[in-house]
Amino acid sequence: MSACWKKVLAAMTALALSCCGTAPKPIIQIPRTQRIHNTPEELSKAAYLGRSLLSEREQRKLLEKVAGQAPTWTSDHTFNHAAGMAGAAVIAGSPFSLSGVRTASAIFMGFTAADAAVKAVGWMLSFGEPPIIGKVYLPRFLNGKEIADATGARGFAIAEQLRLLDRAADAVGRTVACVLGCAGEPNRIYALKKEGANDLYVAFAFGEMEPADFDPLRDQLLGFRGTWSNKRRWGWGIFVIHALPRNDSGKIDFTRILREHLAYGQPEARRILRVLTSSDSMAIVQAAREEFIAFQGRIFKIGGHTADTFIDYEVAPEEDDIDKAPNANLRILNSP
C-alpha cells in the first residue's frame, strides 16, 4: 500500500474509531414529515448498493432476499443512474428479467469470484477497513469516446467531481476555495464560503482506478455497465464537514477527519451531498454505517444491521430545485 493510501486509511480508521464505543447520537435525524417511505423494491435496491456495510451473514440474507424479489421488480429504470438514457439496450440480459435473474442468482448464491466484494466486511474485520463506502463507476464509452485505461478513468472522474463541487457551491450560494491538496494531491479539502455564514468544507479522497467487478444487478441499478471503478471499497471518499481537521500542532490534517466533523445533520450539507453524487456521466455511491447511503442525489437513512432493517427510509429532498435527473443529451454506450 502506498504512503498516500496509508494516510487515507488512517483517516478512515480514525473516522471508524470515532464511531465505536457507546452508540453515538445519529447525525441525520429527520422528522416524519420529511421522510419518504419507499416501496420494498426501492429499499432493496438501495440496500444492494450499500450491502458491504452489513456483516457477511446479513449480506447473504440480503442477496437471497433480492434474488427472490428481482423477478417481480419493474424495469422502467426509475431508480437507476441513467434513467431515460441508457435503458435496457445498454445491459444485455437484464437481471430484472426472468432469464437475467437466473444469472444474477447464481452470482448471489454462489459468491463467485466475480462478486468477491460481497465478503468485504469479513475482509474489513481482518484488515481494518473502515465502515464506509466510497465508490465511483464509469462506463467504457462516454459520449462516443472510449475511456481506455485506469489513468484516463481517474482523470475524468476527478474533473467531473470538481465540476460537481462547483455546482454544489452554486446550489447553496457559496464560493469554493482550496485549503489542502491544492497542487493536485489525491487527498483534498475545499472550503465553501458564504458571507455571514460559517464555512462548510468538502474533503475528497481521490483513489486509483481499476476494472470494475462483474455485477449485472449493480449495472442494472446504475443503468449502464460499470467498466471502471476505484480500488478499495472506501477509495473514493466524499465528506461534507463543518470544521477543518487538525493535528495536535494545529495543522490541517486530512487523517484527523472524525465522525464529529461530519455536517450531514444540516440540511445545507445534505443538499451539497446530493449534488456531489448527482453526475450525468458517472455513478457515485457514498455511505456510512449507522447513517446513510447516498446515490444519484438521493439519500437513504440506514436503520439497522440486518437485511430486513438495513434501510429505514429515504430523506425527502430539502430543495426542489436540486437537479437529480441526468443530462438528457448524454450518450452512454458500451460498444463502439
TODO: Evaluate the distance, in nm, between pseudo-label points positioned 7 Å from the Cα of residue 251 and of residue 56 along their respective Cα→Cβ axes.
DONE: 4.0
- [ ] Note down the net charge around residue 168, summing +1 for each Lys or Arg and -1 for each Asp or Glu among other residues with Cβ under 9 Å from its Cβ.
- [x] +2
- [ ] With 27 Å as the limit, write out which pairs from 194/251; 65/145; 231/251; 145/194; 61/301; 45/194 have Cα-Cα distances beyond it, or answer none.
- [x] 65/145; 231/251; 145/194; 45/194
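Bear in mind these aren't lab numbers, they're just calculated from the coordinates by the rules spelled out. What you are looking at is a predicted structure, and each value in this text was computed from that prediction instead of being measured. Counting neighbours? That spans all protein chains shown, and the Cβs are built from the backbone with ideal geometry, glycine included.
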